[in-house]
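Presented below is the structure to which this report refers.
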Amino acid sequence: MKPLNLDEQRAVAVELVAQVMLADGMLANREVDALDRHGIAQLLGVSRDALVGAVIERCERTLDGADPARTPRLVDIEEFERTVDRVTDPELRELVCRAMLVLAKSDGVISPPEQTLLRNVLTRWEIPLEQLRD
């Protein structure tokens, strides 16, 4: 697979942020407020509409692929890992990690699925948590 250019990586970054926003099964108002308050879309180099659209698309894909007899699988770690590996720009990686952390913390609790995604991305990209502190 050929490396992605920066715009393509930004689109992937948006998908990662959307995944963490939905990982706990709820899209909290505090998450959307944090998205706006911290200007996360602008930091990632995309429009707010593109980021909100990615969240909506993520919801639709989750529900479309769900077995009606089961609870939808909100976190597909294999898919997440494939997505993570597509972002190679070091600056964008750090921005994604910061955004994911801010959004996961915004509702007051970092849920186990959010913890899993955060731990995974920090490990795969070899970014220490201390690097994300302001």
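Fewest first, what order do L129, L51 take by the number of other Cβ atoms within 10 Å?
L129, L51
Using the Karplus curve 6.51 cos²θ - 1.76 cosθ + 1.60 with θ = phi - 60°, what ³J(HN,Hα) values do you get for each residue of the range 88-104, in whole Hz, with x for Gly and Pro?
Ordered by residue, 3J(HN,Hα) equals 10, 5, x, 5, 5, 4, 5, 4, 4, 4, 4, 4, 4, 5, 4, 5, 5 Hz.
Take R30 and S111, extend 7 Å from each Cα along the Cα→Cβ direction, and tell me the distance between the two endpoints in nm.
Taking the simple label geometry, R30 and S111 are separated by 1.3 nm.
Towards the positive end of the charge dipole of the chain, with charges on Cβ (+1 Lys, Arg; -1 Asp, Glu), say which of Q131, A34, L92 has the farthest Cα.
Q131
Starting with the fewest neighbours, write out M100, M26, M21 ranked by other beta-carbon atoms found within 10 Å of each beta-carbon.
Ordered by Cβ neighbours within 10 Å, fewest first: M26, M100, M21.
Quickly estimate the mean residue ellipticity at 222 nm for the chain, helices only: each DSSP H run with n ≥ 4 gives -39500 (n - 2.57), and the total goes over all residues, rounded to 500.
-20000 deg cm²/dmol
Tell me, rounded to the nearest percent, the portion of alpha carbon pairs in the chain spaced more than 27 Å apart.
13
Quick note: the coordinates plus some simple rules give every number you see, no bench work behind them. Since this is a predicted model, take the numbers as computed values, not measurements. Using ideal geometry, Cβ is built from the backbone for each residue, glycine included, and neighbour counts are taken over all protein chains shown.
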